[in-house]
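> Take this structure first; my questions come after.
The values are calculated or read from the model by the stated rules, or taken from the named source; none is laboratory data. None of the values given here were measured: they were computed from a predicted structure. Cβ placement follows ideal geometry from the backbone for every residue including glycine, while neighbour counts extend to all protein chains displayed. In case anyone asks, the SASA skips ligands and DNA or RNA and just uses the protein heavy atoms, side chains included. Shrake-Rupley method; radii C 1.70, N 1.55, O 1.52, S 1.80 Å.
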Amino acid sequence: NSMLSWQRTAYHFQPEKNWMNDPNGPMYYKGWYHFFYQYNPKGAVWGDIVWGHAVSKDMIHWLHLPLAMVADQWYDKNGVWTGSATILPDGQVVMLYTGSTNESVQVQNLAYPADPSDPLLVDWIKYPANPVLFPPPGIGAKDFRDPTTAWLTSEGKWRITIGSKLNKTGIALVYDTYDFKTFERVEGVLHAVPSTGMWECVDFFPVSNRGENGFDTSIKGKNVKHVVKVSLDDDRHDYYALGTYDEKNVKFTPDDFKNDVGIGLRYDYGIFYASKTFYDQSKGRRVLWGWIGESDSEYADVAKGWASVQGIPRTVALDRKTGRNLLQWPVAEVESLRLRSDEFQNLTVNPGSVVPLEIGTAAQLDIEAEFEIDKEALEKTSQSNMEYECSSSGGATERGAFGPFGLLVLADDHLSEYTSAYFYVVKGSDGQLKTSFCSDQSRSSLATDVSKKNFGSFVPVLKDEKLSVRILVDHSIVESFAQGGRTCVTSRVYPTRAIYGAARLFLFNNATEAIVNASLKVWQMNSAFIHPFQPDQRN
Ligand code: DQQ
């Protein structure tokens, strides 16, 4: 239905049609980035899941390849579900994935490239003796899925973890193997958190506390911290914790139990789920992929013939300034799409004002913005003992002393539609300033069958730092990275007027006391090339 095609994105990865969900088995192999994904070839809703496959030289422009794996065996008849790739030291690729069997039991299966000399890895072989793992005793037949990338133990075995639950406790089961065909269950669990429910798509990886961009999954040593990420089936968000991995006792211990996995930090406070990282050995960085679903109705998805996009791949590294959170940032390659830019220096945005930014059209943008608020007003204010929560607030229109202020993206001239991305600062009972960053969908669309949620969270702002945000705007997606990627928020929005050439960009300040000084650079973004592979593109 071409009537709804304006919501398609121009530079975020999506198949030509139908339903997509989790990223699967991302890796870099013989000069190509490979991306597999959960895909329904038959329609725009979840079901009949197989593995879609695309390749890219830069994770921005993509060539769609034939389906990598379909549901053609008893052990994956009800779905070729999520899995991960491991690249062995000799370059061999091993893929482990979950199959939902003919009886809907969740089992783990092994697959490998039919022709390792083919950089495109078009054909895949399922190991004839699959499945390689069944749900262990005491674990529900439908609570055993999404194997991770394997990492090496000191004894030279490969170790993986698989998400599950015991009653309402989310757990990560551990298995060791030499050959990915026979596995040995490791007693206990890598990690468990009560009341978090089923853990989907567990991810486990090292980060450097010295500043490197990324580590191979098997790295060990003094400069290493570990991250556990889980996708909570019950609330559909991806949570992570930083901590320590004790190899001998096969235990992850979070640095801060109050911020344990599933109850503390999220990768993204908007729509972002079932994410997975991989180590990009070509650039020495760790890259995160995340599934960004729709926030309109299933009826609308069926009508438009497709559902879901993938977020722009993000580099992930420890935030060495705080030591307590990760930093996520769009991969540098996205900057190759930047076209013409406009710059605005030191604009004064007074309380209660909206400032149009004359940049032409604004449906495909990359925005870098910095804000400073007037310190005197902050010191003099009588408003203290304040709390702020994006989700329960009135969004861009509810005024406080020091917020909200920021940007209105995907807006129309008359502001009948806009998505606000804003900061809100409060002075707490301890006299300390606390900053929230929010992305509000409540005014994004005149349509009624869409989510009107306001997403966001607290963002750490260190002394002498300005407030800053990077925002990628792409027709129906707004991906924001506040304070260098400490807090990220992704919204899916469905404007009916603020589309194509009618989309505009504004600054706004709806604080009552704070005068805001804003500086921005705004790039128009080119569309990415995302098309079916043609034989002459084999290079
Ligand atoms: N999606 C897959 C499962 C996974 C879930 C099925 C997470 O393997 O647990 O499509 O979105």
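> Just the ratio, please: alpha-carbon radius of gyration of the stretch 318-429 over 2.2 N^0.38 Å, N its number of residues. Don't jump to the answer; show the numbers that get you there.
Details: Rg = 16.8 Å, N = 112, 2.2 N^0.38 = 13.2 Å.
The stretch 318-429 yields a ratio of 1.27.
> Which FRET efficiency, nearest 0.05, do residue 220 and residue 382 yield, Cβ-Cβ r, R0 41 Å? Before the final figure, lay out the partial values.
Working: r = 54 Å, r/R0 = 1.31.
Calculated value: 0.15.
> Give the Kirkwood hydrodynamic radius (Å, one decimal) of the stretch 1-117, defined as one over the mean of 1/r across all pairs of different Cα atoms. Provide the component values of the computation, followed by the final result.
Working: mean 1/r = 0.0661 Å⁻¹.
By the Kirkwood definition, the hydrodynamic radius is 15.1 Å.
> Averaging sequence separations of C-alpha pairs under 8 Å and six or more residues apart, then dividing by the length of the stretch 389-539, give the relative contact order as a whole percent.
Details: 314 pairs, mean separation 41.3, N = 151.
Relative contact order comes out at 27 percent.
> Another one. Can you give the FRET efficiency for residue 343 and residue 153, using 1/(1 + (r/R0)^6), R0 = 51 Å, r = Cβ-Cβ distance, to the nearest 0.05? All intermediate terms of the calculation are to be shown ahead of the outcome.
Working: r = 52 Å, r/R0 = 1.02.
That pair, residue 343 with residue 153, gives E of 0.45.
> How much length is gained on full extension from residue 117 to residue 102, taking 0.36 nm per residue of separation minus their Cα-Cα distance? Write out the running numbers ahead of the final one.
On the way: separation 15, 0.36 × 15 = 5.40 nm, distance 3.33 nm.
So the chain would gain 2.1 nm between residue 117 and residue 102.
> Okay, moving on. Against the 2.2 N^0.38 Å scaling, with N counting residues, where does the stretch 228-329 land? I'd like the Cα-based Rg ratio to two decimal places. Don't skip to the answer; put the middle values down first.
On the way: Rg = 16.0 Å, N = 102, 2.2 N^0.38 = 12.8 Å.
Taking N as the residue count of the stretch 228-329, the ratio is 1.25.
> Quickly work out the residue 512-to-residue 432 label distance, labels modelled 7 Å from Cα along the C-beta direction, and quote it in nm with one decimal.
Taking the two extended label points, one gets 2.6 nm.
> Could you work out the Kirkwood radius for the stretch 363-491, taking every pair of different alpha carbons, averaging 1/r and inverting it, reported in Å?
Values: mean 1/r = 0.0664 Å⁻¹.
Here the Kirkwood hydrodynamic radius works out to 15.1 Å.
> Calculate the translational D of the stretch 422-465 in whole µm² s⁻¹ from Stokes-Einstein, where the hydrodynamic radius comes from the Kirkwood formula applied to all Cα pairs, the temperature is 37 °C and the viscosity 0.692 mPa s.
Working: Rh = 12.3 Å.
Answer from the Stokes-Einstein relation: 266 µm²/s.
> Also, I was wondering about something else. For the peptides 37-46, 237-246, what is the packing order when you average, over each peptide's residues, the other Cβ atoms within 10 Å and list the highest mean first?
Going from most to least packed, we get 237-246, 37-46.
> Using a 1.4 Å probe, what is the accessible area per residue for the chain, in Å²?
Working: 20910 Å² over 539 residues.
For the chain, the solvent-accessible area averages 39 Å² per residue.
> How much of residue 146 can a 1.4 Å solvent probe reach, expressed as accessible area in Å² and rounded to 10?
Around 10 Å² of this residue is reachable by solvent.
> How many angstrom lie between the C-alpha centres of the stretch 246-315 and the stretch 158-211?
Between the Cα centre of the stretch 246-315 and that of the stretch 158-211, the gap is 16 Å.
> Can I ask one more? Taking only C-alpha pairs under 8 Å that are 6+ residues apart, what is the relative contact order of the chain in percent?
Details: 1525 pairs, mean separation 77.8, N = 539.
That works out to 14 percent.
> Once you compute Rg and the Kirkwood Rh from C-alpha atoms, what is the Rg to Rh ratio for the chain?
Details: Rg = 23.2 Å, Rh = 23.9 Å.
That ratio is 0.97, to two decimals.
> Roughly speaking, what is the stretch gain from residue 303 to residue 464, that is 0.36 nm per residue apart minus the C-alpha to C-alpha distance, in nm to one decimal? Kindly include the intermediate steps, with their values, before the conclusion.
Values: separation 161, 0.36 × 161 = 57.96 nm, distance 4.98 nm.
Roughly 53.0 nm would be gained on extension.
> Report D for the stretch 490-539 in µm² per second (integer): Stokes-Einstein, Kirkwood Rh on Cα pairs, 37 °C, 0.692 mPa s. Kindly include the intermediate steps, with their values, before the conclusion.
Working: Rh = 16.1 Å.
Rounded to a whole number, D works out at 204 µm²/s.
> Counting only C-alpha contacts under 8 Å and six or more residues apart, can you give the relative contact order of the stretch 458-535 as a whole percent?
Values: 60 pairs, mean separation 13.5, N = 78.
Worked out over the stretch 458-535, it gives 17 percent.
> Would you please state the base-10 log of I(q)/I(0) at q = 0.14, 0.15, 0.19, 0.22 1/Å for the stretch 208-265, with intensities from the Debye formula using one equal scatterer on every alpha carbon?
The calculated log intensity ratios at q = 0.14, 0.15, 0.19, 0.22 Å⁻¹ are -0.43, -0.49, -0.75, -0.93.
> I'd like the distance separating the alpha-carbon centroids of the stretch 413-439 and the stretch 443-479, in whole Å.
Using only Cα atoms, the two centres lie 10 Å from each other.
> At 1.567 mPa s and 4 °C, plugging the Kirkwood radius over alpha-carbon pairs of the stretch 32-178 into Stokes-Einstein gives what diffusion coefficient in µm²/s?
Working: Rh = 16.1 Å.
D, rounded to a whole number, is 80 µm²/s.
> Turning to a different aspect of this structure: Straight-line reach from residue 251: which aspartates and glutamates fall under 15 Å, measuring Cα to Cα and dropping same-chain residues less than 8 apart?
176, 187, 203, 260
> Based solely on its DSSP helices, what 222 nm [θ] is calculated for the chain when runs of n ≥ 4 H residues each add -39,500 (n - 2.57) and the sum is averaged over all residues, nearest 500 deg cm²/dmol?
Details: 2 runs with 13 residues, N = 539.
Computed mean residue ellipticity for the chain: -500 deg cm²/dmol.
> Just the accessible area for residue 162, please: 1.4 Å probe, Å², rounded to the nearest 10?
Surface accessible to solvent at residue 162 totals approximately 0 Å².
> Something else: Express in Å², to the nearest 10, the accessible area of residue 461 obtained by rolling a 1.4 Å probe over the protein heavy atoms while all chains stay in place.
50
> I would also like to ask the following. Taking just the alpha-carbon atoms of the stretch 115-186, what radius of gyration and Dmax come out, in angstrom?
Calculated on Cα positions, Rg and Dmax stand at 14.5, 46 Å.
> Return the unpartnered cysteines for the chain, using a Cβ-Cβ cut-off of under 4.7 Å.
Singleton cysteines: 201, 488.
> What is the distance in Å between the Cα centres of the stretch 45-75 and the stretch 76-101?
Taking the Cα centre of each part, the stretch 45-75 and the stretch 76-101 sit 12 Å apart.
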